[in-house]
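The values are calculated or read from the model by the stated rules, or taken from the named source; none is laboratory data. Keep in mind the model is a prediction, meaning the values are calculated, not measured. A quick note on method: Cβ atoms are made from the backbone with ideal geometry, for glycine too, and the neighbour counts reach across all protein chains shown. SASA here: full protein model, heavy atoms, side chains in, ligands and nucleic acids out. Shrake-Rupley method; radii C 1.70, N 1.55, O 1.52, S 1.80 Å.
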Amino acid sequence: MLGNGRDWWQVPRPVAPVLDVDSLMKAYPKQRALDGVSLTIEAGEIFALLGPNGAGKTTLIGAVCGLVRKTSGTVKVFGIDLDVDPVTPRYQMGLVPQEINFDPFFTVRESLRIQQGYFGVAPDLARIDELLEALALTSKADQPTRALSGGMKRRLLIAKALVHRPRLVFLDEPTAGVDVELRRDLWAYVRKLRAEGTTVVLTTHYLEEAEELADRVGIIDQGKLLLVEEKTALMKRLGERHVKVRFASKVAALPAALEGTLSTDGLSYAFVEQPAVGPRAAEVLQRIFSAGLPVADVSTGSAKLEDILLRVLKQGKAAT
Amino acid sequence: MNLIGARTLLGKEVRRFLRVPGQTVLQPLISTSLYFVVFGYTLGGRQAQVEGVPYVQYIVPGLVFLGVANNAFLNASSSFFITKIQGTIVDLLVAPLGATELLFGFISGAMVRGLLVGLLTWVVALFFTGAHLVNVFETALFLGLSAYVFSVLGLLAGIWAEKFEQINFFPTFLMLPLTFLGGVFYSVRGLPEPFRTISLFNPVVHMVEGLRAGMLGLEHSSPVGLALLVTLALAATALAWTMLRNGYRIKS
Ligand SMILES: Nc1ncnc2c1ncn2[C@@H]1O[C@H](COP(=O)(O)OP(=O)(O)O)[C@@H](O)[C@H]1O
Ligand SMILES: [Mg+2]
């Protein structure tokens, strides 16, 4: 036995996490944008960082990507402490910043070549063409960047972040202003990146996006990480199912001991399934039918990540 | 050292000013040539001699210097400032480019423009005065030093400035007095005291004298002056490197 209660064959290989943030703090004169954030991200996952505006998502990404000077704490990327060596890990990192930027002097293709060069990569035109294609920018390749629409500029930012084939990519609201159709394509592309072994950290306003893509979810508010959990586990644990039943005629009372609430007019019934406590939605419905109530319509729905986010944020506020 | 990255930045800087050659090369070339005509023929007069050479010829090194210094400074300051304002600084910060690579890229890009304009000015001058080049090494040394020092100073201005108002401050309130009081059109050696001694603290004086020595064989570039310029170059470089390293006015 080893000291930590594991037998030697159970000791995991000492592979450093892709990103290891410890007690990260960023204080601006007026407030703490990051207030002791600790977070570990393993290779090959898609991690979604959720939180309201001003929660500290962009600051967290900025502190990792060299845009923000941290106040205290440590950040390790691929096992390298950025205080010791801030440059080497960046060969393998990419960032899609939240704010759109572009250099009006250059065309789309030139911008990508320049970005490739910055990352110490010899010109790889095939990679550039592949990204232009994947991000639907091929027809704009030789246009100056100022001629692109907002959504196209954002796609160019995404291409720039990927042009050197990074192992770790940060996407700060990558689909803001990108139309729905292209958003789907982008999601598919992000999944493809993961399939190739790229680790993706994204922030998003569209919870649907996190729900669709993320393996794990972190919820941040006021510079504090309130929760980090596997998305499916989180949705199972906190995701409620709603049951609504409409009756054809007025129901005087519910069968004894049936959970849920009958509306005052006696025409509808509502029930919220709480995982781990109380009966399941199916059991409740069973009892309504076997009691012979005049059921006209049944609807069920499950909680969205959005509901979960709101609840966690509310609990977080209550706790502070 | 990210060599490909540093070279890419240099290439980008050069292509950036070559995209608008009218503004970055032609316009400064015309204005320095106008100085040449006005000061050389109208004010100085065709017949006047300074230190044994016609006045038109005497001012050539100073005008070449003006082209070098102004354009090196402007390129570095405006390019870095614009990079901050338009947000493309993010591309540089995220990339594996340390302070050294950034220094190299911005300074060498600015030097290319400064030297290009300076050399073109010289070519124009040749039509008026004929060719004079006494000491190739000395000329190259002082051209290079002038371009380097003003590129670094321009970079410092670009890092420091946060508003257009601030970046526009330098050409008028720094470059103009520094160069015009730096003996571009006259010899500070002939000034009455205390102006002569005061002038010797102006680095521009030593750049211009060095070029006059190299091109025309006039005056002598003093070792003290050269030491002053090298010290200035090293100090300005160290300051710029530290600012870039710490993300001064670049990182939040
Ligand atoms: N440069 C800055 N100076 C002062 N405060 C800032 C700066 N950048 C961000 N903040 C503050 O830090 C907090 C977190 O901001 P940010 O990380 O951008 O939030 P998010 O990306 O989650 O919307 C906000 O309250 C914001 O006002
Ligand atoms: Mg943000």
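Annotations for the structure displayed:
- Karplus (6.51, -1.76, 1.60) ³J(HN,Hα), θ = phi - 60°, over region A:93-104, in Hz, Gly and Pro reported as x: 10, x, 9, 9, x, 5, 7, 6, 9, 7, 9, x
- Under a 5 Å amide H cut-off, with hydrogens placed 1.01 Å from N, A:Val96 pairs with A:Phe170, A:Leu171, A:Asp172 among residues at least 5 apart or on other chains.
- Too-long pairs where the Cα-Cα distance tops 29 Å, listed order kept, from A:Lys153/A:Lys224; A:Lys317/B:Lys163; A:Lys70/A:Lys236; A:Lys30/B:Lys163; A:Lys26/B:Lys163; A:Lys57/A:Lys153: A:Lys153/A:Lys224; A:Lys317/B:Lys163; A:Lys70/A:Lys236
- Simple Cβ-charge dipole of region A:240-302, Lys/Arg +1 and Asp/Glu -1, about Cα centre, in debye nearest 20: 100
- Spatially proximal aspartates and glutamates relative to B:Lys12 (Cα-Cα < 20 Å; intrachain offsets below 8 disregarded): A:Asp103, A:Glu110, A:Asp124, A:Asp142, B:Asp91, B:Glu101
- Computed over region B:1-86: relative contact order in percent, which uses C-alpha pairs under 8 Å that are six or more apart: 23
- Taking all Cα pairs closer than 8 Å and separated by 6 or more residues, the relative contact order of chain A comes to 18 percent.
- Accessible-area value, B:Leu176, 1.4 Å probe, nucleic acids and ligands omitted, Å²: 80
- Rounded accessible area of B:Tyr148 (nearest 10 Å², 1.4 Å probe): 60
- Ratio of Rg to Rh over region B:3-246 (Cα coordinates, Kirkwood Rh, two decimals): 0.98
- Of the residues A:Leu132, A:Leu267, A:Leu207, the one that moves most in a GNM of chain A with alpha-carbon contacts below 10 Å is A:Leu267.
- Atom-type composition of the exposed protein surface of chain A places 53 percent of the accessible area on carbon and sulfur (1.4 angstrom probe).
- About its Cα centre, the dipole of the protein assembly as shown is roughly 340 debye, where the only charges are +1 on Lys and Arg Cβ and -1 on Asp and Glu Cβ.
- Leading residue at positive end of dipole, chain B (Cβ point charges), from B:Trp241, B:Gln86, B:Ala161: B:Gln86
- Fluctuation leader among A:Leu285, A:Leu156, A:Leu168 - chain A, Gaussian network, Cα springs under 10 angstrom: A:Leu285
- Lys, Arg +1 and Asp, Glu -1 on Cβ, resulting dipole of chain B about Cα centre, debye, nearest 20: 560
- Environment charge of A:Lys231, counting only residues whose C-beta is closer than 9 Å and scoring Lys/Arg +1, Asp/Glu -1: -3
- Reported to the nearest whole Å, the Cα centre-to-centre distance from region B:1-78 to region B:220-252 is 22.
- Cut-off of 10 Å, at most 10 other beta carbons, DSSP loop: longest stretch of chain B lacking such trypsin sites (Lys or Arg not before Pro): B:47-162
- Residue with peak Gaussian network fluctuation, chain B [Cα springs, cutoff 10 Å], from B:Gly144, B:Gly109, B:Gly22: B:Gly22
- Working note: Karplus 6.51/-1.76/1.60 with θ = phi - 60° gives region A:73-82 the couplings x, 10, 10, 10, 10, 6, x, 9, 6, 5 Hz, where Gly and Pro are set to x.
- Over region A:240-302, relative contact order from alpha-carbon pairs under 8 Å, at least 6 apart, %: 49
- Calculated over region B:116-252: convex hull of Cα atoms, volume per residue (Å³): 132
- Each residue of region A:226-234 was assigned a 3J(HN,Hα) from its phi angle through the Karplus expression (A = 6.51, B = -1.76, C = 1.60, θ = phi - 60°), giving 8, 6, 9, 7, 4, 4, 5, 5, 4 Hz with x at Gly and Pro.
- For the pair B and A, total buried accessible area rounded to nearest 100 Å², probe 1.4 Å: 2600
- Charge tally for A:Leu202 (other residues, Cβ to Cβ under 9 Å; Lys, Arg +1; Asp, Glu -1): -3.
- Summed side-chain charge close to B:Leu97 - residues other than B:Leu97 whose Cβ falls under 12 Å, Lys, Arg +1, Asp, Glu -1: +2
- Each part reduced to its alpha carbon centroid, region B:106-152 and region A:85-145 end up 35 Å apart.
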